[in-house]
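The values are calculated or read from the model by the stated rules, or taken from the named source; none is laboratory data. Keep in mind the model is a prediction, meaning the values are calculated, not measured. In this analysis, Cβ positions are derived from the backbone assuming ideal geometry, glycine residues included, and neighbour counts consider all displayed protein chains. With ligands, DNA and RNA removed, areas are computed over all heavy atoms of the protein, side chains included. Shrake-Rupley method; radii C 1.70, N 1.55, O 1.52, S 1.80 Å.
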Amino acid sequence: NKSYKGKVTFDNFEKNGEYVPATAEKKAQNVPKPLVPANMNDQNVDGIYAFIGYWLASFNYALMTGDTEPMKKADPADVYAKSLQELTIMYENDLGWMYGTDTPVTLELTSGSPKKASGKGTRYDWPAYMNYSADAKIHIEGKSDQPFKTASSPNGKPMRAIVEYKDGKWFMLTGDEDSPTATSGSSASSSSV
């Protein structure tokens, strides 16, 4: 009966040294790495919330570091990790980084619990707003810095976190709802980095 309405929070991180936030001059150092919560694959509302929190923390970690390894634990099909490939290459080749905020993307759940998708077995929809930080900027070597938020991803974008339980794990889905490892295209993806 617990209500999860509101901003998604997550606090299970591995810390390696003192965290130094990114600036326009240098990328972040020792960014805390999200760790899988013990209940992330529990087949209940607490498990769904833990999964969404981990997925979001892993997505933000990838945006701040270019490292998609933690995200792969919440995205076994690599759909979201692949959507960040350009960003990963940017980090790997020291071509740029994100700065201005520790959390470029936040989610605010608009209901206390998810709704079971009718006739879809173990699929649940959780209405939410995806917010892109107006402070987030991308530094690209040799170019002027760009805001992370663009006209195609306005602040406060309504979306649905669409999750499905399969093979003992939760998956984040996108537009192609018939594919169990697909992700939620324009509704839950923020691949417009």
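Counting only helices (runs of 4 or more DSSP H) wholly contained in region 1-98, the ones carrying 3 or more residues that are in contact (Cβ under 8 Å) with a residue 40 or more places away in the chain, of a type in the set (A, V, I, L, M, F, W, C) and crowded, with 19+ Cβ neighbours inside 10 Å occupy 45-65. Of the numbered criteria (1) open to solvent by 10 Å² or more (accessible area, probe 1.4 Å); (2) farther than 26 Å from ASP167 by Cα, the one PRO104 fails is (1).
How many residues does region 148-165 hold that are in a strand (DSSP E or B), at pLDDT 85 or above and surrounded by 15 or more Cβ atoms within 10 Å (Cβ to Cβ)?
Of the residues in region 148-165, 7 are in a strand (DSSP E or B), at pLDDT 85 or above and surrounded by 15 or more Cβ atoms within 10 Å (Cβ to Cβ).
With the condition kept exactly as written, say whether any residue in region 114-121 is at pLDDT below 90 and either buried (at least 16 other Cβ atoms within 10 Å of the Cβ) or assigned to a strand (DSSP E or B) (or both). The answer is yes, given that some residue of region 114-121 is at pLDDT below 90 and either buried (at least 16 other Cβ atoms within 10 Å of the Cβ) or assigned to a strand (DSSP E or B) (or both).
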